[in-house]
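One structure is given below, encoded as C-alpha cells.
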Amino acid sequence: MLPNPRRMIAWTIYLTFGGAVLLLLLPRAFARWIALLTTIAGLALGMIVFVGTPIPDLAHFTTIVRVPWVPALGMNYHLALDGVSLTMVLVTGISAVSTVLFSWDVEHRQNEFFFWLLLVVAGCYGVFLSADLFLLFVFYELVIVPKYFLIAIFGSTNKEYGAMKLTLYSFFGGMFVFVGILVAYVSGGSLDLNQLAQFEFSPQLQSWAFPMLFLGFAVLAGIWPLHTWAPTGHAAAPTAGSMLLAGIVMKLGSYASLRVAINLFPQGFQMWSKWIAVLAVIGIVYAAAVALRQRDLKFVIGYSSVSHMGFVLLGFATANALGVSGAVLQMFSHGVIAALLFAVAGRMIYRRTHTRKLDALSEMNLSHAMPFAAFTFVVAAAASMGIPGFSGFAAEVTILIGAWKTYPIAVWIVGAGIVLVAAFTLRALKLSFFGEKGLQGEITELTTSNLKKFDPITIPEKIGACMLMVTTFAVGVYPKLLLDRIMPAVETMRFLK
C-alpha cells in the first residue's frame, strides 16, 4: 500500500470536477468562492504531496489509482505520479488559483465562466496524472471544449475566430494523436504507459509513428510552423483564458510529447531529434522577431509564449538528462511567468484603459497611474528575459548547457533569439508603462486625470500577482527544489538509455 500523501493527488481531479458541478447547482453569489476554494484545495493537495513524498519515490512513474474501466479493450482508470507529473500538477494549481483571483470581479454569466474555467483545470490535472494512454487522450480532448467556450463567449478581439482557430488546430493535432495511440495499442497490446515503455516497437514502426504522435501533441505546445493559433487565441481570450492557455494548456502538448511520444518510441525520437532541434531554434528566433514588430501588447506576449516554448522543445531534442530536466523546469517557469504577463496585460491594463495598443498606452504614463501594475510588469519582464534570480534563467541555462553537449551550433543561434527576447520585452515594458510623454515632463495633468480615471488595483489582483512573483523568484533562487524531483524521473525514462 502506498503512503497516503501520494494517493491524495488523485483528488485534485475529483475536487475540481466537483467544484465545476457545484457551480451549476448553487446561486451566482457563491460562484467565485466555490472556484477559489476548489483551486486552493487542488494547490494544497499538490503541495502536501510535494512536501510529503520522499524524493527517491518520485523517480518512477508509480501507480496511485488503478481501476478497470473497459476491461474488454484493456482500458483502465489508471493514474500515476513521478517528479515530472508532480511538477506539472503544482504549476497547474498555482496558475489556477491566480486565474480565479484575477477573474474575481467577472460579472457576465459568472457561474458559467467559472464552470468552464474549472473544467479546463480538471482536464489538465487528468492529463498530467494519466498512466493509461486512452485515459490521457480523453482528458486531453476534454480540455478543448471548455477552452472554446471560454474564448468564444467571454473573449474580446475576434473572439469567435480565435476560439475556432484554436479548436481546429487542437482537433487537427488530436487526429494524429489518436492514430498514434491506436498504433501503439495494436502493436504493444496494452494501453498502460509503463508497460508500453518496456515494449520494443520495431525501428521501422517507430520511424513514422513517433513523428505522427510528436507532431500531434506539439501542435498544442506551439511548435513552429503550427504555432499561429497561439497568438490569435491569446489575444482573443479573456484574461483567465490567456492565463490558462499559456500557463497550463500549452504544457499539455509538451508534457504528452515527452511522456508518450518520446518515451514510447525512443528510436524514432533519435531519428528525428535533429529536426526537432531545428524547428525549436527556428521557433525561438522567429517568434521573438515577430514579437518585436507587434503593436498589440497581448500579441507581443502571445509570440513570446511561442518563443519560450521553443526552449522546451530544444531541451527535449538534446536527449540528455540535463537538457530534458531543463525543459520540464521551463514548462513550470513559463507557466508562471506567462500567466503573470497576461494578468498584467489583460486585467490590470486592458480592463482599466480599454486598449492594448502600445502606441496608445505610451501616452498614458501608466507607471504613475498604476505603480503596482508597473512593478509587477517589471518583475514579469525580468523573469521572461531570463534575468538571474528568476525561474526563467534557471530553466534556460539548464537547457542551453544540455544543448551545448548535443547541438553547440544551436546554442549560438539561440543566443540571437535571447537578444531578441530582451529587445521586445524591454520595448513592450517601456511603451506600456514608461512612455514618451512621461519622459518629456508632460505628466502632471495626465497623471492627475489618470489617477482619477483608473480604478485602483484590487486586493485579489495583488494577491494573485504576488503569488506568481514569489513563485518565479523562489524557483529562480533555489531551482534545486524542483530539479531534485525532476531529474531522477527523467533519468529513468527509456529514451536516455
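Annotations
- Cβ-placed point charges (K, R +1; D, E -1), dipole of the range 20-179 about Cα centre in debye, nearest 20: 240 debye
- With 0.36 nm allotted per residue and the present C-alpha distance subtracted, the residue 198-residue 462 stretch has 90.3 nm of extension available.
- Per residue of the chain, the DSSP helices (runs of n ≥ 4 H) give a summed -39500 (n - 2.57) that works out to -23000 deg cm²/dmol at 222 nm.
- Listed residue (263, 178, 428) projecting farthest to the positive dipole end of the chain, Cβ model: 428
- With the largest listed first and rounded to whole Å, the semi-axes of the equivalent ellipsoid of the range 329-412 from the Cα gyration tensor are 32, 12, 11.
- Inter-part distance, the range 294-346 to the range 164-221, computed on C-alpha centroids, equals 23 Å.
- Check: the chain dipole with +1 on Lys, Arg Cβ and -1 on Asp, Glu Cβ, in debye: 340 debye
- In Hz, Karplus ³J(HN,Hα) per residue of the range 221-237 (6.51, -1.76, 1.60; θ = phi - 60°; x = Gly, Pro): 7, x, 5, 6, x, 9, 9, 5, 5, 5, x, 5, x, 4, 5, 7, 6
- Approximating the spin labels as points 7 Å out from Cα along Cα→Cβ, the residue 275-to-residue 51 distance works out to 4.7 nm.
- Mean silhouette area of the range 193-331, derived from the convex hull of its C-alpha atoms and averaged over all directions, reads 8.1 nm².
- Three-way shape call for the range 106-147 based on the alpha-carbon gyration tensor, with the a/c threshold at 1.5: prolate
- Summed side-chain charge close to residue 252 - residues other than residue 252 whose Cβ falls under 14 Å, Lys, Arg +1, Asp, Glu -1: +2
- Computed with a 1.4 Å probe over protein heavy atoms only, the accessible surface of the range 68-141 comes to 22 Å² per residue.
- In the chain, excluding the sites themselves, the longest stretch lacking any of the GluC sites (Glu not before Pro) that are in a DSSP loop with at most 15 other Cβ atoms within 10 Å is 201-362.
- If only the Cβ of Lys and Arg carry +1 and only the Cβ of Asp and Glu carry -1, the dipole of the range 259-411 around its Cα centre is close to 280 debye.
- Nearest-ten-degree value, helix 31-52 long axis tilted from longest Cα axis of the chain: 50 degrees
- Per-peptide packing, taken as the mean over residues of other Cβ atoms within 10 Å, places 454-460, 182-188, 14-20 in the sequence 14-20, 182-188, 454-460 from highest down.
- Percent accessible area from carbon and sulfur atoms, the chain, protein chains only, probe 1.4 Å: 70 percent
- Look at the dipole of the chain built from charges on Cβ: of 77, 124, 99, the Cα furthest out on the positive end belongs to 99.
- Packing-based ranking, highest mean first, of 317-325, 383-391 given that Cβ atoms within 10 Å are counted: 317-325, 383-391
- Span per principal axis, largest first, for the Cα atoms of the range 279-371 (Å): 48, 23, 16
- Area projected by the alpha carbon convex hull of the chain, averaged over all directions, nm²: 21.4 nm²
- At 1.567 mPa s and 4 °C, Stokes D of the range 1-149 from Kirkwood alpha-carbon radius, µm² per second: 82 µm²/s
- The range 46-117 and the range 414-430 have Cα centres separated by 33 Å.
- Placing pseudo-labels 7 Å out from each Cα toward the beta carbon at residue 11 and residue 282 gives an inter-label distance of 4.8 nm.
- Helix 133-142 axis versus longest C-alpha principal axis of the chain: approximately 20°, rounded to the nearest ten.
- Close amide H partners of residue 237, meaning residues 5 or more places away or on another chain with modelled amide H under 5 Å apart, are 156.
- With respect to the chain, whose longest principal axis is taken over its alpha-carbon atoms, helix 11-25 is tilted by about 50°.
The values are calculated or read from the model by the stated rules, or taken from the named source; none is laboratory data. All figures in this text were calculated on a predicted structure; none of them were measured in a lab. Counting neighbours? That spans all protein chains shown, and the Cβs are built from the backbone with ideal geometry, glycine included. Side chains included, ligands, DNA and RNA excluded: accessible areas come from the protein's heavy atoms. Shrake-Rupley method; radii C 1.70, N 1.55, O 1.52, S 1.80 Å.
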